[in-house]
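J.: This is the structure I have questions about; it appears just below.
The values are calculated or read from the model by the stated rules, or taken from the named source; none is laboratory data. The shown structure was predicted, so the numbers you read here are calculated from the model rather than taken from an experiment. Here the Cβ positions follow ideal geometry from the backbone for every residue, glycine too, while neighbour counts run over all protein chains shown. Accessible surface areas use protein heavy atoms only, side chains included; no ligands, DNA or RNA. Shrake-Rupley method; radii C 1.70, N 1.55, O 1.52, S 1.80 Å.
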Amino acid sequence: MKKDIISAPDLKEARKRSKENIDIIYSDLVIENQLFNYARNKKYLLKTFGCQANVRDGETIAGILENIGYVLTNEPQEADLIILNTCAVRENAEDRVFGEIGHLKGLKLKKKEAIYAICGCMVQQESITSKILSTYPHIDLIFGTHNIHRIPQLLFEVINERRIVVEVLSNQGNIIENLPSKRSDKLKAFVNIMYGCDKFCTYCIVPYTRGKQRSRLPQDIISEVEQLKKDGYIEVTLLGQNVNAYGKDLNLEIDFAKLLHLVSETHIPRIRFVTSHPWDFSQEMINAIKTLDNVMPFVHLPIQSGDDDILRKMGRRYTVEEYLTTYNKLRQIDKISITTDIIVGFPNESLEAFNNTLKIVDECAFDGAFTFIYSKREGTPAALLKDDISEEEKHRRLSLLIEKVNYYALLRNKTYLGEIVEVLVEGKSKRNEDILSGYSKQNKLVNFKGNINNIGKLVKVKINKAKSFTLQGEEIDE
Ligand code: SF4
């Protein structure tokens, strides 16, 4: 099939950062009549991998497709259009996607007119897009993280010209407002406050796949939260790769602390935010979490390593001591929960360096941690480092770390025994129909005996059992 490579990913371009202002575009989705007629009642299947930012992009993709006229299906055989919205943060995430792409080949043999597309962070990498083009001819469309709003035009070309279309932009990215979206939850919503990242941690592919750090205008964020509140949402999570840097790129008197105050004034009952970076965490932000009732006492603050030498090689730009200063200030906040991210097996991580990581877990006693084995990402500076830690040793370190993290998670959860916590009831527990489930203000998963009519409401639960990653209890009257 003929190919139309409108634009292929370019790592050199993706690395560039200029002082130029980015454009904020209030998009009017342009949909050709022919596409409307073609797509009416056709079925789409969308599979999203990876982080909250990708889930939010998935909601926008679904919104655009339903605007075009497609109808959602979860049956691959039924689908006229399948889109894989991919993640590139680690190798195993990519392996899973290639498994899915291989699986689509069989489906295509049964349904030749079906359209298969790949988008998201994975295809922002040159080697991946060229591999898909050379190895998987059953893929019809490849687009990136910067041009989701172009789906109608790109689909139209695939359908109309019957050719493989590739458009992956490696520029800094703009901000596209007003795109339709189909939210995946009725109670809790993700709200992007910024896109991209300029931190360039040496192991991380995100600055290359998601472009320059760029903040949305506060009024656009506030009107989105106000609309969500009107639509009955109870909780919003403010999203950014590094929310603490919000507003630095805007010529406005605004930063993340001020934004938290503005969002708080909408009186939406619950406000959360991910992900934080120790480097930009100001006292004003800590005060906002402490004083604003509807800002939840939960912070996800990745440390990545407990060793200064490794932190320097990761380009994290803080020391363990500096991390602890912010961490301990946050711990002053009553009943706060703090989780983190930790990487083991970074190139040249000595046993002593690893032990320093175990020590920091002892010192911080986190409420929880996402733990990962270092995964080499082509194009990142760390990928050039000789990886001298054996797979066996990496796994040994990971299991030691997980054991310690689980120990402290349980210790922290035990402090809730006998306590009364507020829970947003999301539904029945996955494991037991008679048990309800939801999250506390501290983002702890709580399973409890309660009134099924309170699904969607905030209730009080008395905790009578604690496990490493869940609390159990009984609903009590106010
Ligand atoms: S802060 Fe570092 S780890 Fe986080 S997205 Fe940016 S470059 Fe990646």
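J.: Could you give every pair whose Cβ atoms fall below 7 Å, whose first residue belongs to the stretch 364-389 and is on the phi > 0 side of the Ramachandran plot, and whose second residue is open to solvent by less than 50 Å² (accessible area, probe 1.4 Å) and aromatic (Phe, Trp, Tyr), counting only separations of at least 6 or pairs across chains?
T.: Filtered contacts from the stretch 364-389: 365/408; 379/208.
J.: If you don't mind, there's one more thing I want to ask. All but one of (1) open to solvent by 10 Å² or more (accessible area, probe 1.4 Å); (2) within 27 Å of residue 126 (Cα to Cα) hold for residue 178, so report the exception by its number.
T.: Going through the list (1) open to solvent by 10 Å² or more (accessible area, probe 1.4 Å); (2) within 27 Å of residue 126 (Cα to Cα), residue 178 breaks only (2).
J.: Please report, ordered by residue number, the strands (runs of 3 or more DSSP E) entirely within the stretch 21-118 with at least 1 residues that are modelled with pLDDT under 95.
T.: Strands (runs of 3 or more DSSP E) meeting the threshold: 24-26.
J.: In the stretch 236-276, how many are within 18 Å of the chain's Cα centre (by Cα), open to solvent by 10 Å² or more (accessible area, probe 1.4 Å) and of a type outside the set (A, V, I, L, M, F, W, C)?
T.: 5
J.: Next up: Six or more apart or on different chains, Cβ under 9 Å: which pairs go from a residue in the stretch 223-237 that's at positive phi to one that's open to solvent by less than 60 Å² (accessible area, probe 1.4 Å)? Could you list them?
T.: Matching pairs, first to second residue: 232/187; 232/456.
J.: Right, another one. Would you check if residue 306 is among the small types (Gly, Ala, Ser) and touching a Pro at 6+ places or on another chain (Cβ under 8 Å)?
T.: Considered against the rule, which asks whether it is among the small types (Gly, Ala, Ser) and touching a Pro at 6+ places or on another chain (Cβ under 8 Å), residue 306 comes out as no.
J.: Whether any residue in the stretch 371-380 is exposed (fewer than 14 other Cβ atoms within 10 Å of the Cβ) and in contact with a strand residue (DSSP E or B) (Cβ under 9 Å, 6 or more places away or on another chain) is what I want to check.
T.: no
J.: Of the residues in the stretch 312-338, how many are over 12 Å from residue 278 (Cα atoms), within 16 Å of the ligand (Cβ to nearest atom) and free of Cβ contacts under 8 Å to residues at least 60 places away in the same chain?
T.: Within the stretch 312-338, residues that are over 12 Å from residue 278 (Cα atoms), within 16 Å of the ligand (Cβ to nearest atom) and free of Cβ contacts under 8 Å to residues at least 60 places away in the same chain number 1.
J.: Of the residues 151, 139, which is away from the ligand (no atom under 16 Å from the Cβ), open to solvent by less than 20 Å² (accessible area, probe 1.4 Å) and in a loop (DSSP other than H, G, I, E, B)? Break it down into steps so the answer makes sense when it comes.
T.: Values: 151 fails: in a loop (DSSP other than H, G, I, E, B).
Matching residue, one of 151, 139: 139.
J.: Here's another thing I want to ask about it. Against the condition in a loop (DSSP other than H, G, I, E, B) and closer than 30 Å to residue 375 by Cβ, how does residue 173 come out, does it pass?
T.: yes
J.: Continuing with this model, one more query. Output the residue which, of all residues in the stretch 193-221 that are of a type in the set (S, T, N, Q) and surrounded by 20 or more Cβ atoms within 10 Å (Cβ to Cβ), is farthest from the ligand (Cβ to nearest atom).
T.: Looking at residues that are of a type in the set (S, T, N, Q) and surrounded by 20 or more Cβ atoms within 10 Å (Cβ to Cβ), I get 215.
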